[in-house]
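Data block below; observations after.
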Amino acid sequence: DAHAISEFRIGILGGENAQDRMNSNECLRIAVEDALGVPTRLFAPADYNGVIQGLLGGTIDLSLMGPSSYAAVYIADPEAVSPILVKINADGSTGYYSIGFARADSGVTSLEGMQDKVFGFGDPNSTSGYLIPSVEIPALISATMESGDYFGEVRFTGGHEQTIVAVNNGDVDGGVTWTDGQGNWEDGYTFGALRKAVDAGLVDMNDLTEIWRSRLIPGEPVVLRNALPEDVRATVTGIIDTMGETDPECATAIAGGEVTGFDPITHDAYTSIVAARLAKSN
Amino acid sequence: MVDQTENYANVADLSTAYLAQVKAKRLMNFIMLVLFLALLGAGFYTADSRNAGGFWDGIGNVFDFPEAMLGEAIERVQLMPGYLVKYLPSLIETINIAAASTLLGAVLGLFMSLLVTRGFAPVPMLVGPLRRILDVLRAVPEIVIALVLIFMLGGGPVPAMIAIALHTVGALGKLFSEVNENASLKPVEGLASVGASWTQRMWLGVIPQVAPNYLSYALLRFEINIRASAILGFVGAGGIGYDLRNTMSWGVGKYDEAAAIFILLFLTIVVVDQLSSIMRKRLTHGNSSAEVTL
Amino acid sequence: MLRLENITKTFGANTAVHAASFTVDQPMMIGIIGRSGAGKSTLLRMLNRLTDATSGVITFDGLDVTALRGTAKRNWQSQCAMIFQQFNLVPRMDVVSNVLHGTLNRRSTLSTMFNLYPDGDIHRAIDILERLGMAEHAPKRAEALSGGQQQRVAIARALMQDPRIILADEPIASLDPMNAQVVMQSLRDIHEQDGRMVIANLHTLDTARRYCDRVIGMRDGMIVFDGTPEQLTTGTARDIYGADASFSEATTSTQIETAEAAPKMLADIAAQ
Amino acid sequence: MLRLENITKTFGANTAVHAASFTVDQPMMIGIIGRSGAGKSTLLRMLNRLTDATSGVITFDGLDVTALRGTAKRNWQSQCAMIFQQFNLVPRMDVVSNVLHGTLNRRSTLSTMFNLYPDGDIHRAIDILERLGMAEHAPKRAEALSGGQQQRVAIARALMQDPRIILADEPIASLDPMNAQVVMQSLRDIHEQDGRMVIANLHTLDTARRYCDRVIGMRDGMIVFDGTPEQLTTGTARDIYGADASFSEATTSTQIETAEAAPKMLADIAAQ
Amino acid sequence: MTTTTVHARTVAQFSRKKITTMAAPVVILAYFAYIFVSFDMAGLGDRINLNNARTLVSDTYSYKTHVAQDNRDGSVALSIEGERKAQYPEGMAPNWVTLGEVTTVDLGQGHLITLGPQVRYEIPGYGLVTARPGDDGVNAVFPVGDLPDFISASKNRVMIATDAGRLTITRSRAEVFKYNYGWELFFFTLDSSYYGMGAGQLLSHAFSGEAGAIMEDFWTNTMWRHGDVAWALFETLLMAFLGTFGAAIIALPLAFLAARNFTPLGSLRFVARRVFDFLRGVDGLIWTIVLSRAFGPGPLTGAFAMLLTDTGSFGKMFSEALENVDDKQIEGVASTGAKPLQRYRFGVIPQLTPVLLSQVLYYFESNTRSATIIGAITGGGIGLLLTQAIATQKDWEEVSYYIVLIILLVMSMDTLSGWLRRKLIKGDEGGH
Ligand SMILES: Nc1ncnc2c1ncn2[C@@H]1O[C@H](COP(=O)(O)OP(=O)(O)OP(=O)(O)O)[C@@H](O)[C@H]1O
Ligand SMILES: Nc1ncnc2c1ncn2[C@@H]1O[C@H](COP(=O)(O)OP(=O)(O)OP(=O)(O)O)[C@@H](O)[C@H]1O
Ligand SMILES: [Mg+2]
Ligand SMILES: [Mg+2]
Ligand SMILES: O=P([O-])([O-])[O-]
């Protein structure tokens, strides 16, 4: 309904430690709470699906999510949410890449080296951790992603962070995660899951090596529930839109890496992702 | 209380005393009831306010999810048999995890239970410490052990099996020791008097007495462990839980597969549940012909 | 042969057996009498080493029984069979298995766990049962038998041990007079035919008189009488059972009653 | 007052009570005797309406008891208290609460749900217990009492109903002779002092003879005797219990035995 | 039956018994052999990662401090476990680090590391290692001879792991790890003014009116997040409490419908029973997922999931208890002319309470454990914290902290439920 809301709920996509996620989004929570004047809370479900279900069920109002997760919401209910903003990378671009990587000491340097080895996806709802690689890689290897076909085993680790840890520990031989692909490999690039892992002291990038990179993926959208009152939507959109100028530190924190800010975006940017997702569905 | 009442001079005193006692009890019960209801109410309120969605907002949507899932399952019902076959191996893995861990846990639990039952324990000094160990084994949720073991052993069914088996040792060890406490010591003493070793005394003197109860508890545990093994799959340890999570979280487009897995799991749980309850009834209620040959 | 020297057993502050000493030179049938709590059971249990003596020494043919540990102790137990008031059989197992338990000490643990008894042992078990008139019950479960039959299975188990001594702790206390007679006679036969020593705790005087060669009387943990049944007068009996003028042998009798004893017994019951 | 006309009860093919008729004109103490399965319990249960009669009519002061439904039926039940062989108390509740159950019919459902009774009722309950010599047990749980005490609590519950009739279904069958006497005397006192009608099923002849004003004999569901205790000869008793020459009153007696009966009893025991 | 037949029969019987008693262990062993193969236990040896086990164990009782130099600008950052939020403020350092033009790190036992344009490590019993990292590589110089096992070196990377600590040099970074015992920053983080104070000092501060501030700093500790952890524990308990007792309240009336002696109508009973089977069979796990669409993540969802499953379990158990009630008591109450509700209240409930209470309290304890798992899937509570901490595979000290808390919580619920059972069931509740 178009009346005042009593609270505002921000969902944070899985893939990182719940506590860290809460920490890095605290600045956004305060900004929204101050602007709306209603209690604003953060929720960090265990996986992507938690946020997807929250947006569909109307129990989460805002989230910065991956394109594939957005597509999942869109496919289930096109009216539920709209993408409003996308983050702008340091160089002004808006997309990101899915990147395949392996341990440097494993001898694997390319997808060919991964033959008969264990391949790790992240979350089934991740764009870079599942959807894009599962579309692009079969074309490169001329085989399916079924266990035993080309790769010895294909497994979901549960999330980006888990994939990085699993590769680093040798639980899987190679995995895919997301990155902007700019800056230094040693730093884990300027943003993405690898950068977060480096910042958190999880991995030393010198131990890892890149084995594959996808085509550019449309940037991760900030989505807002359509059922929210118009003024609430406008206020929240305004806060994040100007975050790059008003509070760059917070923009970096919520985006998970160096960004210059956020730009408006519409559903049109994601039609290819929706199509890819539909193609992967039964 | 008898000594008290005998002091009353007459019935009038007794009546007053009883009335006072009843009123005190009534008040106490009333306070307890109010306290309990208040706790329940406050608990509900707190949970509601800490939840993303409120109870009253959400109650209307409870059928959204089953609807979406069922809709898709019905729409592609012709694919169902294929899915059932596709996921059968995962189901078997889940059942194997449960069965192996129940067996392992029951054997170790049996051994532990004999070590912690006064009268049977070969080393009475260890009874206390071993009981604490059983308590801890029971207290640790399987998921904790499983996740830690996955870290060390990698994924797959083994960590889940070990985790569930350890928990089963704790649970069955305690239940078995309670059964042991009701077992007669006479046959054990009889065997001791012929110079039988501890193992012989336990195997020949105790086990035949308690075997039907043991079996009944072990079956109940198997039932519980099937669920546990499915749940552990959900958090990363192989079996059908893993497939269920991946299809279910994909959502629209794979709900039909999720439904198929769900049907497999549900049927398994119900069948095992019914079979075990029939067998347990037969074991514990009479039917003395349930011969135990040991 | 058997020698007890100052055997004492205390449970906390309570002395169950107090400096009991006696010597048995040749296999005979000995009855131990005394009222409830006199220490009879404790004494027998110390002999079989089910209970450890607090102090004192038991020797058998020079072997210090009280000092035995582990396997040696279990070997002694197999030499010294015990029969209990409550039979202490494994109720859910069949009669032959129960008798075969008498061989446990001689067989490896593993083989007995899987019922791997030599055929020879099985035949011997049935022969023993036969001797006690129990062969036809061989395949039944122990719990399906009457008390007297169960006690005979217990005796069969004891015989299966091929022991030097048979200890019997009130073997007939849970039995009706008919069965009591059969069981006592069996014990007597075993003593006479096999020449084994039998030591039986008995609740009642007349049984001791009838079946035993020697009677030991205990009171408050001490041995207060040791002699032949003939020496056991009503006066001595009164000493053993506590000097109570109302003492009557009849109340401790297990013989099948004759009619004249009945009114008194009935009066006893009614008075309860 | 109470009138039964051709009361019949069949369970499937089995006729438990067959065309029983009798009339009671004034409060008296009536004993119903007959062997096990004769239909005594069924008759009483039909009177209290715990069981519905298959055919026939019961009237009380002109009221057709058999036709009552719902509240009217429950009101009748409260008028016609029942005492059971197994006491049928609520064992986990205290004695007074059990007695207070006698008032349930009069109180609103809501107030009783929380075990709330008026103080006056509580006083009266304790007075009744006092009368039965049970006052000191008032706060105990029913399950903590002996059988005889429990039966007196059941009688107190019946009295609490302030009933016109008290039905007692073998009230002393689970009790030892001492307690049996106390309970029967209490019922007799209630009849004599309060002028209530008491109908008791009794297993034994002598009890009926000793306490009742009138005795009804049943056999195979039919009333085969109805008269004063004096009319109840050994011959008639034999008819009621089935014409078996070996019938002896002694075997159904609950009186405390005298010495001369003893040898026979003993012989019985020995013969078993 | 002659004695010979007895002999023959018994011997035959014993050989049968031999076979049956041998069969059970043989079957079990065969099954384990199958499991061994199908679970690929043989390959376990390859998969097992002892390093991980070591990390896990050592992490639970020790922590490491990172001293990292950015080789490009020469800046030095100190942090606990390399985490941003545990970084030492500018100019602050533990006493074994001397900040200055060059930074010296004393690892103890004579191990001395100097960070600067040139990185130096004096290793007792081996010698001096120097490195000058730059764009052309690390440029390390080692004492003459073969490299020992504890050094791994390549052009762009050198790692020296000794008992005293670890030094890693890459082109861009030079990093020292020093291991210390304990859980660092457990009470206060570095930015708190109470960091490093002893108990006595804290007490004196507390008495001088800073108790609130001290508590606040502890409660909001960003490393250990005691406030959040306490809430998470509470949420877990709350889910178990609401789920168990809510289910008991709902299941009680429904159980009457499923009990043969209270619902003569077979079809109604059948429906009630199948509903219970369904609720139980679906399992809390799936209910959590189903409900999270409607209610979103949080403890309420978890509580309802548990409530639904337990309604099924309780319904079944209660109806079985109802079928076992003693009719005599009901009949006794009925004979006084009691109304139907009164008959249930006094004839049935008193018999049922001990059975029900004991079952419900047992479930309360076991649900505390289940709440951990349900929380891990969506609900929240300590389960989510635990699984996420494990997924990160880094903060094992936090993992052990959570595990200890969970065990303590479950064990105290076990004790509480046992105590309540004894108190409520054995204790005289007289009128009830
Ligand atoms: N295990 C025990 N712990 C403590 N006291 C014991 C134990 N066994 C026996 N006693 C005590 O030792 C004393 C002797 O007991 P014992 O059983 O030997 O008597 P008894 O002559 O066999 O009597 P009964 O005829 O009743 O069997 C008794 O006072 C008894 O209470
Ligand atoms: N509920 C019932 N269903 C079927 N048959 C019943 C039922 N109650 C009683 N009967 C049968 O009715 C007959 C009369 O039983 P009833 O209990 O009235 O006898 P009784 O004289 O009270 O015997 P007892 O002395 O054993 O209590 C018996 O054959 C009994 O089996
Ligand atoms: Mg004794
Ligand atoms: Mg009857
Ligand atoms: O959907 P993403 O995981 O690539 O953000």
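In order along region B:182-192, phi translates into HN-Hα couplings of 8, 7, 6, 7, 4, x, 5, 5, x, 6, 4 Hz, rounded to whole numbers, per the Karplus curve 6.51 cos²θ - 1.76 cosθ + 1.60 with θ = phi - 60° and x for Gly and Pro. Taking the inverse of the mean reciprocal distance over all distinct Cα pairs, the Kirkwood hydrodynamic radius of region A:135-282 comes to 17.9 Å. Reported to the nearest whole Å, the Cα centre-to-centre distance from region E:292-306 to region D:57-84 is 54.
Rounded to whole numbers, the Karplus 3J(HN,Hα) couplings from phi for region E:48-58 are 5, 10, 5, 4, 4, 4, 5, 3, 4, 5, 5 Hz, using 6.51 cos²θ - 1.76 cosθ + 1.60 with θ = phi - 60°, and x at Gly and Pro.
Summarising the label geometry, the points placed 7 Å from Cα in the beta-carbon direction at B:Glu67 and E:Val37 lie 5.1 nm from one another.
Accessible area per residue for region C:39-137, computed on protein heavy atoms with a 1.4 Å probe, is 35 Å².
Dipole size of the protein assembly as shown about its Cα centre, with +1 on Lys/Arg Cβ and -1 on Asp/Glu Cβ: approximately 4900 debye, rounded to the nearest 20. The value of relative contact order for chain C, using C-alpha pairs under 8 Å at least six residues apart, is 25 percent. Counting Cβ atoms of other protein chains within 10 Å of each residue's Cβ and taking the mean over peptide A:190-199 gives 1. Packing order of peptides A:109-117, B:248-256, highest average first: B:248-256, A:109-117 (average count of other Cβ atoms within 10 Å over each peptide's residues). Consider all pairwise Cα distances in chain C and report the whole-number % of them above 32 Å. Of all Cα-Cα distances in chain C, 26 percent exceed 32 Å.
Per residue of peptide E:340-352, the mean number of Cβ atoms on other chains within 10 Å of the residue Cβ is 4.
With the simple spin-label model, which puts each label point 7 Å out from Cα in the Cβ direction, the D:Leu110 to D:Met1 separation comes to 3.8 nm. Taking the accessible area of region B:1-148, probe 1.4 Å, and keeping the other protein chains in place, the carbon and sulfur fraction comes to 73%.
Gap in Å between the Cα centre of region E:49-91 and the Cα centre of region D:17-50? Here the two parts' Cα centres lie 93 Å apart. For C:Ala168, nonlocal amide neighbours, meaning residues 5 or more places apart or on other chains whose placed amide H falls under 5 Å from its own, are C:Ile83, C:Ile199, C:Ala200, C:Asn201. Between E:Ser319, E:Ser79, E:Ser267, the Gaussian network model of chain E with springs among Cα atoms under 10 angstrom shows the greatest mean-square fluctuation at E:Ser267. Geometric descriptor of region B:2-59, per residue, is 97 Å³ (volume of the convex hull of the Cα atoms). For chain E, the Stokes-Einstein estimate of translational diffusion at 10 °C and a viscosity of 1.306 mPa s comes to 56 µm²/s, using the Kirkwood hydrodynamic radius over alpha-carbon pairs. Straight-line cross-link reach from E:Lys17 at under 15 Å between alpha-carbon atoms covers these aspartates and glutamates, not counting any fewer than eight positions away in the same chain: B:Glu291, C:Asp94, C:Asp119.
For A:Asp173, the accessible area of its heavy atoms, probed at 1.4 Å with every protein chain present, is near 50 square angstrom.
Per-atom-type breakdown for region E:64-181 gives carbon and sulfur 47% of the accessible area (1.4 Å probe, protein chains only). Summary of packing: across the peptides C:216-225, E:89-98, E:180-189, the per-residue average of other C-beta atoms within 10 Å ranks them, highest first, as C:216-225, E:180-189, E:89-98.
Choose one answer from E:Asp327, E:Asp40, E:Asp191: the residue with the largest mean-square fluctuation in a GNM of chain E with alpha-carbon springs under 10 Å. Result for chain E, Cα springs under 10 Å: E:Asp40 fluctuates most.
To the nearest whole number, what is the average tally of beta carbon atoms from other chains within 10 Å of the beta carbons of peptide B:234-245?
For this peptide, the per-residue mean of nearby foreign Cβ atoms is 4.
Shape summary of the protein assembly as shown, radius of gyration then Dmax from alpha carbon positions: 41.8, 130 Å. Among the listed pairs D:Lys140/E:Lys316; D:Lys9/E:Lys328; B:Lys254/E:Lys316; B:Lys281/E:Lys328; B:Lys281/D:Lys9, those whose Cα-Cα separation exceeds 27 Å are D:Lys140/E:Lys316; B:Lys254/E:Lys316; B:Lys281/D:Lys9. Sorted from longest to shortest, the spans of the Cα atoms of region E:64-181 along the three principal axes equal 41, 33, 23 Å. Relative contact order of chain A, taken over Cα pairs closer than 8 Å and 6 or more residues apart, is 27 percent.
Residues E:Arg369, E:Arg16, B:Arg118, ordered by accessible area of protein heavy atoms at a 1.4 angstrom probe radius and largest first, appear as B:Arg118, E:Arg16, E:Arg369.
Largest first, the residues B:Ser276, C:Ser108 sort by 1.4 Å accessible area into C:Ser108, B:Ser276. A probe of 1.4 angstrom, applied to the heavy atoms of all protein chains, finds B:Thr16 with accessible area near 80 square angstrom. Counting only lysines at least 8 places from E:Lys64 when in the same chain, those with an alpha carbon closer than 23 Å to its own are A:Lys196, E:Lys85, E:Lys178, E:Lys394. If you take the Cα centroid of region A:61-123 and the Cα centroid of region B:69-99, the two points sit 28 Å apart.
Between the beta carbons of A:Glu26 and B:Ala24, assuming R0 = 56 Å, the FRET efficiency works out to 0.60 to the nearest 0.05.
Compute the Rg to Rh ratio over chain B from the alpha carbon atoms, using the Kirkwood formula for Rh, and round to two decimal places. Write down the numbers at each step before the final one.
Working: Rg = 26.6 Å, Rh = 23.7 Å.
Using Cα coordinates only, the ratio equals 1.12.
Taking all protein chains together and a 1.4 Å probe, the residues E:Glu210, D:Glu143, E:Glu365 rank D:Glu143, E:Glu210, E:Glu365 from largest to smallest accessible area.
Contact residues in region A:66-99 by the 10 Å² criterion (accessible area, 1.4 Å probe, full protein complex versus chain alone): A:Ile75, A:Ala76.
Taking all protein chains together and rolling a 1.4 Å probe, E:Ser335 ends up with roughly 0 Å² accessible. Put simply, chains A and E cover up around 2600 Å² of each other's accessible surface, both sides summed, when a 1.4 Å probe is used.
Between helix E:349-374 and chain E there is an angle of about 20 degrees, using the helix long axis and the longest principal axis of the Cα atoms. For the pair E and B, the buried accessible area comes to roughly 6100 Å² in total, with a 1.4 Å probe and the value rounded to the nearest 100. Mean sequence separation of contacting Cα pairs (under 8 Å, at least six apart), scaled by the length of chain E, corresponds to a relative contact order of 12 percent. A crude spin-label estimate for the pair E:Phe270 and C:Glu136, with each label 7 Å from Cα along the Cβ direction, gives 5.2 nm. Summing both sides, the accessible surface hidden between E and D at a 1.4 Å probe radius is close to 2500 Å². When Rg and Dmax are taken over the Cα atoms of region E:289-432, they come to 20.5, 71 Å.
Rounded to the nearest 500, what is the 222 nm mean residue ellipticity of the protein assembly as shown from helices alone, with -39500 (n - 2.57) per DSSP H run of 4+ residues and division by all residues? Roughly -15500 deg cm²/dmol at 222 nm, from the helical runs in the protein assembly as shown. Less than 5 angstrom separates the built amide H of E:Arg173 from those of E:Asn71, all sequence-distant by 5 or more or on a different chain.
The values are calculated or read from the model by the stated rules, or taken from the named source; none is laboratory data. Here the structure is a predicted model, which means the values were calculated and not measured. Heads up, the Cβs are rebuilt from the backbone with ideal geometry, glycines too, and the neighbour counts pull from every protein chain shown. Accessible surface is based on the protein model in full, side chains and every heavy atom, while ligands, DNA and RNA are left aside. Shrake-Rupley method; radii C 1.70, N 1.55, O 1.52, S 1.80 Å.
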